[in-house]
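Below is one structure, written out as structure tokens, with a few remarks after it.
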Amino acid sequence: MELGFLPKLRFSLAEQLCTVLEPGEEARALLKPGMSAGQFLSALAGAGLFVDAIRYLAVALPRREAVWWACACRRTFLPAELPVAEATAWQAAEAWVYEPSEPLRRACFAPGEALKFETAGAYAALGTFWSGGSLAPPEVALVIPPGDGLTGSAIAASVILCCVPGPAKHTGQRQQAAFAIGIDIANGGVGLTEAQGQPS
């Protein structure tokens, strides 16, 4: 898989991306001097390292697009009917994508916490909460900004968990499909088979 220029990525070079997310041994072996972020993602996908490719793409995308990627994967891989707590977490994350306001960002913490930060929806909500602002309670004057890679790490977990349901032998294929959805978003697409419901 050879990826061209991906206009939505926050990083132009692979080495910039790797300062946010430390590469493991297999990913590090693919790094080359001057490699673009897109080339690095191509190399990871070409080597079949789709979990790593998902993790790096989630960090490379702007936070709003990253959360939308998780929402698109939810629609692709998870049942339409979800348990109430899980659906609530997804609804909170998606509401922020449509209106990325501070109240809606903060509103994502409680649904994720209710799920003990263990499910795909919980991680999507947590990634949204980590997208900006302060991690301190609203009544605390001290501003505690989230780390640069927190949203991406949570969204990667969400996307990977979206790929779990189904036959285990096809998990890799679902991860590959999820990565393709993310690449579509990185190219400025909506990441859905139909444009309905896309954020503006």
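Values quoted throughout were computed directly from the atomic coordinates according to the rules given, and no laboratory measurement underlies them. This one's a predicted model, so the numbers in the text were calculated from it and none came from an experiment. Cβ placement follows ideal geometry from the backbone for every residue including glycine, while neighbour counts extend to all protein chains displayed.
Taking the chain as a whole, the Cys residues whose C-beta sits 4.7 Å or farther from every other Cys C-beta are C18, C71, C108, C163. What residue among R63, R106, R28 has the largest mean-square fluctuation in a Gaussian network model of the chain, using Cα springs under 10 Å? Looking only at R63, R106, R28, the largest GNM fluctuation is found for R28. Proximity of backbone amide H atoms, modeled 1.01 Å from N, is registered between S36 and A14 at under 5 Å, excluding neighbours fewer than 5 places apart on the same chain.
In the elastic network of the chain, a GNM with C-alpha springs shorter than 10 Å, the most mobile of Q175, Q39, Q16 is Q16.
Extending 7 Å from the Cα toward the beta-carbon at both N187 and A87 defines two label points whose distance is 3.4 nm. Among G46, G152, G121, the largest mean-square fluctuation in a Gaussian network model of the chain, built with springs joining Cα atoms closer than 10 Å, belongs to G46.
Rounded, prolate or oblate, given the Cα gyration tensor of segment 63-168, with a/c below 1.5 counting as rounded? Prolate, since a/c reaches 1.5 and a/b exceeds b/c. Comparing Cα centroids, segment 117-137 and segment 164-183 end up 23 angstrom apart.
Compared with the direct C-alpha span, the chain from E118 to V143 gains 6.3 nm at full extension, assuming 0.36 nm per residue.
In the chain, Cα pairs under 8 Å separated by at least six residues give a relative contact order of 25 percent. Take the Cα of A180, step 7 Å toward its Cβ, do the same at E25, and the gap between the two points is 3.2 nm. Only the Cβ atoms of Lys and Arg (+1) and of Asp and Glu (-1) were treated as charged; on that basis the dipole of segment 63-168 about its Cα centre amounts to roughly 140 debye. Each Lys or Arg adds one and each Asp or Glu takes one away; over the other residues whose Cβ falls under 15 Å from the Cβ of A178, this sums to +1. In a reduced charge model with +1 at each Lys and Arg Cβ and -1 at each Asp and Glu Cβ, the chain shows a dipole moment near 160 debye about its Cα centre. Rounded to the nearest 0.05, the FRET efficiency derived from the C-beta distance between K169 and Q16 at R0 = 45 Å is 0.80. The modelled label-to-label distance for the pair T76/A136, using points 7 Å beyond Cα in the direction of Cβ, is 4.0 nm.
Report the one residue of S153, Q175, V164 whose Cα lies farthest in the direction of the positive end of the charge dipole of the chain (charges on C-beta: Lys and Arg +1, Asp and Glu -1; origin at the Cα centre). Farthest towards the positive pole: Q175.
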